[in-house]
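**Student:** Just dropping this structure here.
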Amino acid sequence: MTGSSLDSEDKTFLGYHDRSDEDTDSTYNEETVSQPPRRLIPLPSDVRAWFLLVLSVSIASFLSAGFGYWLRKGCTEKECVRMTSSYSPLLDVVEYYDYQFEAELGTENVYKGHPRPELDEVWERIGRIHPISMPEEYRGVLNKTHSGIPYPEEMGGGIMVEIEVFHQLHCLDFLRKIIYADYYSRPENLPRTFEVSDKMLFNHIDHCVDYLRQFIMCASDVTPVTSNWVLTHHSPHPDFNTMHKCRNFDKLLEWAEEHDNGGVPKQSPNPSWWPAPKLADTVLDFEPDFPIPPHGPPVNDTRDM
């Protein structure tokens, strides 16, 4: 192969066809007739092949980029909530926001301080138990196939449930009152949960402490806490004003209040009720007239028969 032209074998290998070979009369002598410069033009079949190759590479690149973006993007907020939570009628209500804790010693808010009526009022609201109805088919996914009190049709049907966050806050409020027992032991401030035997009172305390322990360990918050040197302190002081990704509690509370099903279904005692060897000294046993909306008690509608 010379520097100015390509022989037929080389041109065939490269996928080109020299049309000037066809157009030149074979009787002409190359030495006596000057020829125009030869143009190498790809055949139509070669153009299609290159086009398909480029198209295939482009599609593969697009799909790879899309798949990579999908992997990077992960689940949507709603999908992530469902992946990291047990079933709940409130899953579609959950939304997140960034919040920096205000947890330093001495900070003030409506939930802190010495007992007073307005403090009790805010704790009473966030710790109130709201019985709501859950579709019966979800008992299985909650491992509660053999547990649950059904609502009658006139109350909308479904299974009566409460939402854990409110019971957790109820427990925290109970422990808060234990800490300030000198105030809440006065007759004018005495809560119903204190009107029990000593055994029941300490059972309630142990229940709440261990219940909250299990929740804290289950959640296992791994947010880093920095520290700073502080005058008059010999050790670094933790900075508890940490950043968190929080669920919108106010929205959950409003939903629960709006969907409160009005109390516990009334039933007469029957053989299907669970035996309760460790629950005999409950608050309800000491409060036969305790109102229905928070917890109960079941009503024996045969007592007048």
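The values are calculated or read from the model by the stated rules, or taken from the named source; none is laboratory data. The model shown is predicted, which means the values in this text are computed figures rather than measured ones. Positions of Cβ are generated from backbone atoms using ideal geometry, with glycine treated the same way; all protein chains shown enter the neighbour counts. Note: accessible area is taken over every heavy atom of the protein model, side chains too, but ligands, DNA and RNA are not part of it. Shrake-Rupley method; radii C 1.70, N 1.55, O 1.52, S 1.80 Å.
**Student:** Would you work out the Kirkwood radius for the range 77-259? I mean one over the mean of 1/r across all pairs of different Cα atoms, in Å.
**Tutor:** Every distinct Cα pair counted, the radius reaches 19.5 Å.
**Student:** Quick one: what are the phi-derived ³J(HN,Hα) couplings along the range 154-163, Karplus 6.51/-1.76/1.60 with θ = phi - 60°, whole Hz, x for glycine and proline?
**Tutor:** Rounded to whole hertz, the list is 5, 9, x, x, x, 10, 6, 9, 10, 9.
**Student:** Further question: Go through the range 221-231 residue by residue and turn each phi into a ³J(HN,Hα) via Karplus (6.51, -1.76, 1.60, θ = phi - 60°); whole Hz please, and just put x for glycine and proline.
**Tutor:** Result, ordered by residue: 4, 10, 5, x, 10, 7, 9, 9, 6, 10, 4 Hz.
**Student:** Past the 19 Å Cα-Cα mark, which pairs from LYS78/LYS251; LYS112/LYS199; LYS177/LYS199?
**Tutor:** Result: LYS112/LYS199 exceed 19 Å.
**Student:** Ignoring everything but the protein chains, give the 1.4 Å probe accessible area of VAL110 in square angstrom, nearest 10.
**Tutor:** We get 90 Å² for VAL110.
**Student:** Lys and Arg at +1, Asp and Glu at -1: add these up for the other residues within a Cβ distance under 10 Å of TYR96 and post the number.
**Tutor:** -1
**Student:** Okay, moving on. Please go through the range 151-202 and write out the chymotrypsin sites (Phe, Trp or Tyr not before Pro) that DSSP classes as loop and that have at most 16 other C-beta atoms within 10 Å.
**Tutor:** Qualifying residues, ordered by number: TYR180.
**Student:** Run the simple label-point estimate for GLU188 and ARG213 please: 7 Å along Cα→C-beta, distance reported in nm.
**Tutor:** 3.8
**Student:** Using packing as a proxy for protection, rank 77-85, 220-228, 119-127 so that the peptide with the highest average count of other Cβ atoms within 10 Å comes first.
**Tutor:** 119-127, 77-85, 220-228
**Student:** Counting only residues 5 or more places away or on other chains, whose amide H sits under 5 Å from the amide H of ILE149 once H atoms are built in the peptide plane?
**Tutor:** Excluding prolines and chain starts, which carry no amide H, the hits are MET160.
**Student:** Just want the answer: with Cβ charges of +1 for Lys and Arg and -1 for Asp and Glu, which residue in THR223, MET200, TYR97 is farthest toward the dipole's positive end in the range 77-259?
**Tutor:** After comparing all options, I get MET200.
**Student:** From the protein chains alone at 1.4 Å, what is the descending order of accessible area for LYS144, LYS245, largest first?
**Tutor:** If we order LYS144, LYS245 from most to least accessible, we get LYS245, LYS144.
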